[in-house]
1. Filter region 109-138 down to the residues that are surrounded by fewer than 20 Cβ atoms within 10 Å (Cβ to Cβ) and either in contact with a helix residue (DSSP H, G or I) (Cβ under 6 Å, 6 or more places away or on another chain) or part of a strand (DSSP E or B) (or both) and list them by number.
2. Looking only at region 79-96, count every residue that is in a strand (DSSP E or B), free of Cβ contacts under 8 Å to residues at least 60 places away in the same chain and under 9 Å from the mean Cα position of the chain (by Cα) and tell me the total.
3. Sort out which residues of region 1-13 are surrounded by 13 or more Cβ atoms within 10 Å (Cβ to Cβ) and either in contact with a helix residue (DSSP H, G or I) (Cβ under 6 Å, 6 or more places away or on another chain) or within 20 Å of residue 88 (Cβ to Cβ) (or both), and write them in order of number.
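Please treat every number below as a calculation from the coordinates, not as lab data. Keep in mind the model is a prediction, meaning the values are calculated, not measured. Neighbour counts are summed over all protein chains in view; Cβ atoms, including those assigned to glycine, are modelled from backbone coordinates with ideal geometry.
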C-alpha cells in the first residue's frame, strides 16, 4: 500500500505505477514515494515538464525535451533514445515517447510488439500493460499496438 504521499507542497502532474507514485512539483522537481525495490521511487534531479509511471519504472521529460527514465531496466525500458519529446507513456516493461514531429519511439520489452509503433504521426499517446495507443494527428483515429491491442 502506498501511504507516504506528500502532504505539503504544490504539484503540476502525477503518475502511478504498480506500487509507487511520482509527481512533478511546482518548481519542476520530481518527488516519488512507495516501493523502491527497483529504484522506481528514486527520481533523477532536474526540471521536468511531464511524467509517466507503470510497472516498476517511471519516465519523465526534462524542460529541454529530453527523456529520463529510472527503475527497472530488465528489458531496456529505462533507456530512452536521444532526441526531444513532447509526451511520454509507460507500460509494464516498455516506454514510448511522442517526438516533437508527432512520430512515436518506443523502447523496452517487445514480446507483444508493444515497442513496434506504427509509422504515423500522433497527437497523443498512452500506455498500459503491454500495449500503447495514440490518436492519429491527421486521421484523428485511435491506433493501438502491442498485446491486447485491436
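1. Across region 109-138, the qualifying residues are 123, 124, 126, 128, 133, 135, 136.
2. Residues flagged as in a strand (DSSP E or B), free of Cβ contacts under 8 Å to residues at least 60 places away in the same chain and under 9 Å from the mean Cα position of the chain (by Cα) within region 79-96 amount to 6.
3. The answer is 12, 13.
Rundown of residues vs (1) in contact (Cβ under 8 Å) with a residue 40 or more places away in the chain; (2) over 25 Å from residue 12 (Cα atoms); (3) buried (at least 16 other Cβ atoms within 10 Å of the Cβ), yes/no style:
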position: 62; (1), (2), (3): no, no, yes
position: 75; (1), (2), (3): no, yes, yes
position: 100; (1), (2), (3): no, no, no
position: 103; (1), (2), (3): no, yes, yes
position: 107; (1), (2), (3): no, yes, yes
